[in-house]
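K.L.:
Please read through the structure below; I'll follow up with questions.
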Amino acid sequence: MKIAMVGLRGIGDDIAGGVERHVEEIAVRMARLGHAVTVFGRNPYLRDKETDYHGVRLIRRPAICTKHLEAITNTISCLPAMCHGYDIAHFHSVGSSLFSFVPRLAGRKVVATVHGLDFQRSKWGRFAKMTLYTGAWMSGHAPHETIVVSEKMRRYYRENFHRDAWFIPNGVNEPTRRGLDVLGEKFGLKEKGYLLSLGRLTSEKGVHYLIEAFRQVDTPVKLVVAGDQLLGTDYLRRLRELAGDDPRILFTGALYGKEKDEAFSNALGFVLPSELEGMPIAMLEAMSYGCPVLSSDITECAEAWETARKNAGIDLCRSFRSCDVPDLARALRAFLDDPGLTAMGKQARDYVLDRYNWDGIVEETLRVYSRALTR
């Protein structure tokens, strides 16, 4: 098949983001299977106008890089190319899906993957939320097939858009465990001497709750906040103000490649304080390293551990009430004193590597493509 994908910054080792990671994993695997895959990305994230990335044709298209216009303007710039020469036009995220009707009108088979209900995110104003909701509605009506990454979203699409979407989760790879090298030298980190928060720094990720709660905990353990903020936001400044002069709280910026391996491999635990997610790849990644996880109890996260408890009788992580600083502080104290963390981490590692496998996810996605081609 000839496949075009749009709705992301790009793919590559130095481009962070859940959507970007998802597309990279499935696009490269599809190319290895012999499919002709094109991924449309954005400037300034991509250096070259066109290049090959592990068999995937990677094309840079323009975007107005502001908080509100980046995704929409980039998708519009990609539409003419997506209307010709492809069997499948695959839109990722509800923002880009706003225009998913265009390739369909041009005779292409269209698939949309919804990675999150973006109109629920607190960072957006009223008009932006209305626009994103329209994109979500369109993702449930214009494409031939719709994919969602959580059961919660599958229920939402069935109840609100009368769309029977395919549930295909995110995945993980077999990780590379590394000793502390670069991070030890740069930030003075010690094995099992820090808690890790890693991901894009946006308000719905809840890192502000984590910093407030951590400052209430009497411990020599450090808190490593790894990630970058979105263009046009000042969330990182807010986090630094909350951290104040606490020397235990470290901001490392985004971590990629070997540095990310080091961070996950040596952390005492990974903390996910999100109040909204699609399906958190970072949580699955932490588990794949055997890194014990402390997570908020939002449905998108709870789905994973409730399924594991029901089907395999194991606990994947510890949890706390979302957006509740006192409960998070309580959970942090209990987590730091928990003698069962190592065993839990090993169980979680085996479970997610078996269940959340990218090769299986690609097979399911290609099955959706085949279904779209028959409609």
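K.L.:
Reported to two decimal places, what Rg/Rh ratio describes the stretch 94-219 when computed on Cα atoms with Rh from the Kirkwood expression?
P.N.:
1.12
K.L.:
Tally Lys/Arg at +1 and Asp/Glu at -1 over every other residue whose Cβ is under 10 Å from the Cβ of Arg29; what's the total?
P.N.:
Net local charge, Arg29 excluded: -3.
K.L.:
Okay, next question. For the stretch 266-283, just list the computed ³J(HN,Hα) in residue order, Karplus coefficients 6.51, -1.76 and 1.60, θ = phi - 60°, integers in Hz, with x standing in for Gly and Pro.
P.N.:
Those phi angles translate into 10, 6, 5, x, 10, 10, 10, x, 4, 9, 8, 9, x, 8, x, 4, 4, 5 Hz.
K.L.:
Quick check for you: with a 1.4 Å probe and neighbouring chains kept, what is the accessible area per residue of the stretch 54-175, in Å²?
P.N.:
Working: 5060 Å² over 122 residues.
Per residue, the stretch 54-175 has 41 Å² of solvent-accessible surface.
K.L.:
Using a 10 angstrom cutoff on alpha carbons, build the Gaussian network for the chain and name the most mobile of Pro220, Pro273, Pro175.
P.N.:
Result: Pro220 has the largest fluctuation of those listed.
K.L.:
Here's something else I'd like to know. Starting from the amide H of Gln229, placed 1.01 Å from N in the peptide plane, find each other amide H under 5 Å away whose residue is 5 or more places distant or on another chain.
P.N.:
For Gln229, the qualifying residues are Leu201.
K.L.:
Right, another one. Per the 1.4 Å probe, what fraction of the accessible area of the stretch 287-375, in percent, lies on carbon and sulfur atoms?
P.N.:
43 percent
K.L.:
How charged is the neighbourhood of Met130? Take every other residue with its Cβ under 14 Å from the Cβ of Met130, and add Lys/Arg as +1 and Asp/Glu as -1. Write down the numbers at each step before the final one.
P.N.:
Numbers: positive: Arg121, Arg126, Lys129; negative: Asp118.
Here the charged neighbours net out to +2.
K.L.:
Would you mind checking which residues have amide H under 5 Å from Gly41's amide H? H placed 1.01 Å from N; only 5 or more apart, or other chain.
P.N.:
Result for Gly41 returns Ile59, Arg60, Arg61.
K.L.:
In sequence order, what are the phi-derived ³J(HN,Hα) couplings for the stretch 286-300 according to the Karplus relation 6.51 cos²θ - 1.76 cosθ + 1.60 with θ = phi - 60°, rounded to whole Hz, with x for glycine and proline?
P.N.:
In residue order, the calculated couplings are 4, 4, 5, 7, x, 7, x, 10, 10, 10, 5, 9, 4, 4, 4 Hz.
K.L.:
Moving on to the next point. For Ile147, enumerate residues with amide H under 5 Å from its amide H, sequence gap 5+ or separate chain, H modeled in the peptide plane.
P.N.:
Distant-sequence amide H within range of Ile147: Ala112, Thr113, Val114, Trp166.
K.L.:
Assuming 0.36 nm per residue, please report the length gained on full extension of the stretch Asp324 to Asp338 beyond their Cα-Cα distance.
P.N.:
So the chain would gain 3.0 nm between Asp324 and Asp338.
K.L.:
Normalising by the residue count of the chain, find the relative contact order in percent from Cα pairs under 8 Å and 6+ residues apart.
P.N.:
Relative contact order for the chain comes out at 15 percent.
K.L.:
Let me have the 222 nm mean residue ellipticity of the chain computed from DSSP H runs of 4+ only, each contributing -39500 (n - 2.57), with the sum over all residues rounded to the nearest 500.
P.N.:
Mean residue ellipticity, 222 nm, calculated: -13000 deg cm²/dmol.
K.L.:
How large is the accessible surface per residue of the stretch 298-375, computed with a 1.4 Å probe and reported in Å² as a whole number?
P.N.:
With the other protein chains kept in place, the stretch 298-375 gives 51 Å² per residue.
K.L.:
Shifting gears a bit: Where the accessible area of the stretch 116-246 is counted over protein heavy atoms with a 1.4 Å probe, how much of it, in %, is carbon and sulfur?
P.N.:
The nonpolar share, carbon plus sulfur, comes to 48 percent.
K.L.:
Return the loop-located GluC sites (Glu not before Pro) in the stretch 193-256 (DSSP other than H, G, I, E, B) with at most 11 other Cβ atoms within 10 Å of their own Cβ; answer none if there are none.
P.N.:
none
K.L.:
Of all beta bridges DSSP finds with both residues in the chain, what is the antiparallel percent, to the nearest 5?
P.N.:
10 percent
K.L.:
Which ³J(HN,Hα) values, rounded to whole Hz and listed in residue order, are derived for the stretch 185-197 from phi using the Karplus coefficients 6.51, -1.76 and 1.60 in 6.51 cos²θ - 1.76 cosθ + 1.60 with θ = phi - 60°, glycine and proline given as x?
P.N.:
My calculation for the stretch 185-197 gives 6, 6, 10, x, 6, 10, 4, 6, x, 7, 9, 10, 10 Hz in order.
K.L.:
Using a simple charge model, +1 on the beta-carbon of Lys and Arg, -1 on the beta-carbon of Asp and Glu, nothing else, what dipole does the stretch 190-344 show about its Cα centre, in debye to the nearest 20? Can you show the working numbers first?
P.N.:
Working: 18 positive and 24 negative charges, 55 e Å.
Charge dipole of the stretch 190-344: 260 debye, to the nearest 20.
K.L.:
Now a separate question. Using only the alpha-carbon atoms of the stretch 209-267 as identical scatterers, what base-10 log of I(q)/I(0) does the Debye formula give at q = 0.19, 0.24 Å⁻¹?
P.N.:
Cα-only, vacuum Debye calculation for the stretch 209-267: -0.78, -1.08.
K.L.:
Got the relative contact order for the stretch 181-240 handy, in percent, Cα pairs under 8 Å and 6 or more residues apart?
P.N.:
Contact order relative to length: 42 percent.
K.L.:
Considering only the other residues whose Cβ falls under 10 Å of the Cβ of Ser274, what net charge follows from Lys and Arg at +1 and Asp and Glu at -1?
P.N.:
-3
K.L.:
If you don't mind, another one. Angle, helix 18-32 long axis vs. longest principal axis of the chain, Cα atoms, 0 to 90°, nearest 10?
P.N.:
It works out to around 60 degrees.
K.L.:
I would also like to ask the following. Take every Cα pair under 8 Å in the stretch 213-254 that's 6+ residues apart, average their separations, divide by the length, and report that relative contact order as a whole percent.
P.N.:
Reported relative contact order: 56 percent.
The values are calculated or read from the model by the stated rules, or taken from the named source; none is laboratory data. For clarity, every value in this text was computed on a predicted model and none was experimentally measured. Every residue, glycine among them, receives a Cβ derived from its backbone with ideal geometry; neighbour counts consider all protein chains shown. Surface accessibility is based on the protein's heavy atoms, side chains included, excluding ligands, DNA and RNA. Shrake-Rupley method; radii C 1.70, N 1.55, O 1.52, S 1.80 Å.
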